[in-house]
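All remarks here apply to the structure that follows.
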Amino acid sequence: MTPKRRMTAKDFDQELLDLYDFYAHGKITKREFLDKAGKFAVGGVTALALLNMLSPDYALAQQVSFTDPDILPEYVTYPSPNGHGEVRAYRVVPAGADVNTTPAVLVVHENRGLNPYIEDVARRVAKAGFVALAPDGLTSVGGYPGNDAEGRDLQRTVDGAKLMNDFFAGFEHLSKGAGDALGARKTGCVGFCYGGGVCNALAVAYPELNASVPFYGRQAAAADVPQIQAPLLLQYAELDERINEGWPAYEAALKEHGKTHTAHIYPGVNHGFHNDSTPRYDEAAAKLAWDRTIAFFKEHLA
């Protein structure tokens, strides 16, 4: 049997991709998406079928198996006194590495909890030689529910300040390693969408952060940029107008204050281009962005 062809962004009208982006980020409801997508429903394909085509298929997303002999994955919990008290997280350690001293990376999910794509990203980080910790921001409401639509709805119910503090606590947990002080071991972060915004916020909040890689995340306020000490690697998608509108002011502030940063805007790709579970995934851009990410961590965390 011939395997089903993987759909890409080129199979969809850009307006439809933008509509899905609005839906995925809670800007419009499912009903509004279906109503607006109706004009693209031709040839017997319904608006609901289009939504299903654009939604994640996690069978496509695994690049590193959880049984890979080079890594040791497990679920752990860590304290979050200023957040929800305790957070469940997926920790992946390179085989043979010291979990408390090996340089570490906090992996921050999108706006829908710790889904299989983010777990796979954590395994990729560990495969590259770093301890990875991927918190589930939905711990306080029962954890990632098994699908992104419910996960997105759940994340909207979580107190935003406490949720941010849960991720801040994850950084502190990693950064201390076996020590008592922040900065006991080199620690970076990588995040996607909502998680990209968390990475920018971490850079503002923690001078001890050693490297931050936000993928298409909300930028920090220009007034907060002087507090940033960590080098930044910022990854953007050219067609992501919603996020990119905040980049010029952020870039100007980073330059004004002499902050170490490199930004890449990948041509012709959409928000979510690194997420290999949806048609917005762009293999070439995702590989290049990830190669740059790992090189950046090796430069600043080794």
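The values are calculated or read from the model by the stated rules, or taken from the named source; none is laboratory data. These numbers were taken from a predicted model, which means no experiment stands behind them. Ideal geometry is used to build each Cβ from the backbone, glycine not excepted, and the neighbour counts take in all protein chains shown. To get the accessible areas, we keep the full protein, side chains included, count just its heavy atoms, and leave off ligands, DNA and RNA. Shrake-Rupley method; radii C 1.70, N 1.55, O 1.52, S 1.80 Å.
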Quiz item: Relative to the longest principal axis of the chain, what angle (0 to 90°, nearest 10) does the C-alpha long axis of helix 148-157 take?
Solution: 60 degrees
Quiz item: Using alpha-carbon positions, what is the distance between the centroids of segment 61-104 and segment 174-206, in Å?
Solution: 14 Å
Exercise. Work out how much length F66 to V99 would gain on full extension: take 0.36 nm times their residue separation and subtract the Cα-Cα distance, in nm to one decimal.
Key: 10.1 nm
Exercise. Give me the distance in nm between label points sitting 7 Å out from Cα along the Cα-to-Cβ direction at T157 and Y58, one decimal.
Key: 1.9 nm
Quiz item: Distance in nm between label sites at M7 and K30, each 7 Å beyond Cα in the beta-carbon direction?
Solution: 1.7 nm
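Would you compute, from DSSP H runs of 4+ residues alone, the mean residue ellipticity of the chain at 222 nm, taking -39500 (n - 2.57) per run and dividing by the full residue count, rounded to the nearest 500? Before the final figure, lay out each step's value.
Values: 10 runs with 111 residues, N = 302.
About -11000 deg cm²/dmol.
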Quiz prompt | Derived scalar couplings ³J(HN,Hα) [segment 86-103; Karplus, 6.51 cos²θ - 1.76 cosθ + 1.60; whole Hz; x for Gly, Pro] | solution = 7, 10, 7, 8, 9, 10, 10, 10, x, 4, x, 8, 7, 5, 9, 10, 5, x
Quiz item: What are the residues whose amide H is under 5 Å from the amide H of S80, where those residues sit 5 or more places off or on another chain and H is modelled from the backbone?
Solution: G85, E86, V87
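Out of segment 260-290, which chymotrypsin sites (Phe, Trp or Tyr not before Pro) are coil in DSSP terms and have no more than 15 other C-beta atoms within 10 Å?
Details: sites: F273, Y281, W290; in loops: F273, Y281.
Listed in order of number, the matching sites amount to none.
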Quiz item: Viscosity 0.890 mPa s, temperature 25 °C: Stokes-Einstein D of segment 1-108 from its Kirkwood Cα radius, in µm² per second?
Solution: 136 µm²/s
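Quick one, what does Rg over Rh come out to for segment 147-302 if you take C-alpha atoms and the Kirkwood Rh? Write out the running numbers ahead of the final one.
Working: Rg = 15.5 Å, Rh = 16.2 Å.
Ratio of gyration radius to Kirkwood radius: 0.96.
Count neighbours as other Cβ atoms within 10 Å of each site's Cβ, and list the trypsin sites (Lys or Arg not before Pro) in segment 22-55 that are DSSP loop with at most 13 such neighbours. Present the calculation step by step, with values, prior to reporting the outcome.
Numbers: sites: K27, K30, R31, K36, K39; in loops: K27.
In loop regions of segment 22-55 (DSSP not H, G, I, E or B), the sparsely surrounded trypsin sites (Lys or Arg not before Pro) are K27.
Would you mind telling me the share, in percent, of accessible area of segment 179-282 contributed by carbon and sulfur at probe 1.4 angstrom? Mind showing how you got there, number by number?
Numbers: 1800 of 3700 Å².
So the carbon and sulfur contribution to the accessible surface is 49 percent.
Taking 0.36 nm per intervening residue step and subtracting the Cα-Cα distance, what contour gain separates F22 from V76 on full extension?
Residue separation times 0.36 nm, minus the Cα-Cα distance, leaves 16.1 nm.
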Quiz item: What ³J(HN,Hα) values, in whole Hz, does the Karplus curve 6.51 cos²θ - 1.76 cosθ + 1.60 give for segment 116-130 when θ = phi - 60°, with x put for Gly and Pro?
Solution: x, 4, 5, 4, 5, 4, 4, 5, 5, 4, 5, 4, 7, x, 10
Quiz item: Long-range amide H contacts for H261: which residues qualify at under 5 Å (H placed 1.01 Å from N, peptide plane, sequence gap of 5 or more or a different chain)?
Solution: L232
Quiz item: What is the Å³ per residue value for the convex hull set by the Cα atoms of segment 89-183?
Solution: 88 Å³
Practice problem: Would you work out which of T101, T262, F12 lies farthest towards the positive end of the dipole of the chain, given +1 charges on the beta-carbon of Lys and Arg and -1 on that of Asp and Glu, about the Cα centre? | Solution: F12
Quiz item: So what J values fall out for segment 159-170 if you push phi through Karplus, 6.51 cos²θ - 1.76 cosθ + 1.60 with θ = phi - 60°, rounded to Hz, Gly and Pro as x?
Solution: 4, x, 5, 5, 4, 4, 5, 5, 6, 4, 5, x
Self-check item: Average accessible surface area per residue within segment 199-302, 1.4 Å rolling probe, Å²
Solution: 40 Å²
